[in-house]
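The structure appears below as structure tokens.
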Amino acid sequence: MLKEYQITNHKLAETEGKNAQVYVYTNPTLEEQRFLIESYKIDEHTLQSALDPDELPRLEFEPDHTVLIYKRPKNYSGKDQLEFKVASVGMFLFKNKLVIVLSEDIALFVGKRFQTVDSIKEVFLKLIYNSISHYVEHLRIIHLISEEIEDKITDSMDNRYLLNLFSLVKSLVYYAEAITSNGFVFEKARTQARRIGFDEKDIEMLDDIIVENRQCKTQADIYSNILAQLLDARASIVNNNLNQLMKKLNVITIWMMVPTLVVSAYGMNVALPMAEHPQAFWMLMGVCLMLVWLVMLYWRRKNW
């Protein structure tokens, strides 16, 4: 699917025809891919890399355009079961146009950064900036979800909550790796800023992007370490809860064994003391209760 945009009155507006400056290809068909390869001279392997979620970010220079492939967070849905994933985006910067290739339809030009736009290079940089903000927002959501799971797992022995924590830890590892890889590419873009065609304003924005990306990486690492430690701690808590439950069940079993022993002895088909006594039943029940009470006193004294 193709959407075309034009910069008009310092804003990016959707358009059609030859005046378009920004072309967004979402999950391009074979015909669209062939058009990009033949008309824009985009390398076929590079084009496929922009659609591959496992492709590493990179910056390349072709004779008539610059290629940037970077990682961004995928839109989360309930079927992902608390797994936050990343996807690749390919941006092909020409002298007078910008071609964007991505695998899923998302709102790209949103937020306060796109309230004013003056050039396609600014669109190029602000898209990167927005992806970092997207990471930060997802990290905040992961943190809130982890706190909710912590509250539930304290008094629960359900493995589901541990699996949820594991999914969040795995997501943070993927996020940290993607953010780190993006950072390397942004650093390279900074050293090659003049070759790309950035002016002083663009370079200043690129410096801000690099700083924001570093802070985002630090935040992802902190959350990842905290969750990894919590996962180990919560696993111990679940085991401790199970031990406490088994202890209570054992106490109840022992309490039941004491009167059972007495009752079993008097249930034998032989001559027994007080067999003819009219209050024998109530006397035996009293003995059983007394023995249970003594066991409880002994249990408490031993602090078991």
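Within the range 149-160, is there a residue that is in a helix (DSSP H, G or I), surrounded by fewer than 19 Cβ atoms within 10 Å (Cβ to Cβ) and within 11 Å of the chain's Cα centre (by Cα)?
Within the range 149-160 (the criterion being in a helix (DSSP H, G or I), surrounded by fewer than 19 Cβ atoms within 10 Å (Cβ to Cβ) and within 11 Å of the chain's Cα centre (by Cα)), the answer is no, since none of the residues qualifies.
Looking for something aliphatic (A, V, I, L, M), within 25 Å of residue 96 (Cβ to Cβ) and not in a helix (DSSP H, G or I) - is there at least one such residue anywhere in the range 115-126?
yes
Please go through the range 3-47 and give me each residue that is open to solvent by 70 Å² or more (accessible area, probe 1.4 Å) and closer than 26 Å to residue 112 by Cα, ordered by number.
Those that are open to solvent by 70 Å² or more (accessible area, probe 1.4 Å) and closer than 26 Å to residue 112 by Cα: 9, 10, 11, 14, 16, 19.
Within the range 181-198, track down each residue that is touching a Ser or Thr at 6+ places or on another chain (Cβ under 9 Å) and not in a helix (DSSP H, G or I).
Once the filter is applied, which keeps residues that are touching a Ser or Thr at 6+ places or on another chain (Cβ under 9 Å) and not in a helix (DSSP H, G or I), the range 181-198 yields 192, 197.
Could you tell me whether any residue of the range 147-159 is closer than 27 Å to residue 227 by Cα and of a type in the set (Gly, Ala, Ser)?
Yes - at least one qualifying residue is present in the range 147-159.
What number of residues within the range 260-281 are part of a helix (DSSP H, G or I) and modelled with pLDDT of 75 or more?
Counting residues in the range 260-281 that are part of a helix (DSSP H, G or I) and modelled with pLDDT of 75 or more gives 1.
Please go through the range 214-259 and give me each residue that is among the small types (Gly, Ala, Ser) and without any contact (Cβ under 8 Å) to a residue 24 or more places away in the chain, ordered by number.
233, 236
Does any residue of the range 213-232 turn out to be under 22 Å from the mean Cα position of the chain (by Cα), among the aromatic types (Phe, Trp, Tyr) and closer than 30 Å to residue 62 by Cα?
Checking the range 213-232: not a single residue is under 22 Å from the mean Cα position of the chain (by Cα), among the aromatic types (Phe, Trp, Tyr) and closer than 30 Å to residue 62 by Cα.
All but one of (1) open to solvent by less than 50 Å² (accessible area, probe 1.4 Å); (2) in a loop (DSSP other than H, G, I, E, B); (3) touching a helix residue (DSSP H, G or I) at 6+ places or on another chain (Cβ under 8 Å) hold for residue 104, so report the exception by its number.
Every listed condition holds for residue 104 apart from (3).
Please count how many residues of the range 173-189 are free of Cβ contacts under 8 Å to residues at least 24 places away in the same chain and open to solvent by 80 Å² or more (accessible area, probe 1.4 Å).
Count: 1.
Among the residues of the range 212-226, are any surrounded by 12 or more Cβ atoms within 10 Å (Cβ to Cβ), touching an Asp or Glu at 6+ places or on another chain (Cβ under 8 Å) and assigned to a helix (DSSP H, G or I)?
no
Output the number of the condition that residue 209 fails; it satisfies all remaining conditions of (1) touching a residue at least 60 places away in the same chain (Cβ under 8 Å); (2) open to solvent by less than 40 Å² (accessible area, probe 1.4 Å); (3) in contact with a strand residue (DSSP E or B) (Cβ under 7 Å, 6 or more places away or on another chain); (4) under 27 Å from residue 12 (Cβ atoms).
(3)
The values are calculated or read from the model by the stated rules, or taken from the named source; none is laboratory data. Treat the numbers as computed from the prediction; the structure is a model and nothing was measured. Cβ coordinates were reconstructed from backbone atoms using ideal geometry, including for glycine residues, and neighbour counts include every protein chain displayed. Calculation scope for accessible area: heavy atoms of the full protein, side chains included, ligands and nucleic acids excluded. Shrake-Rupley method; radii C 1.70, N 1.55, O 1.52, S 1.80 Å.
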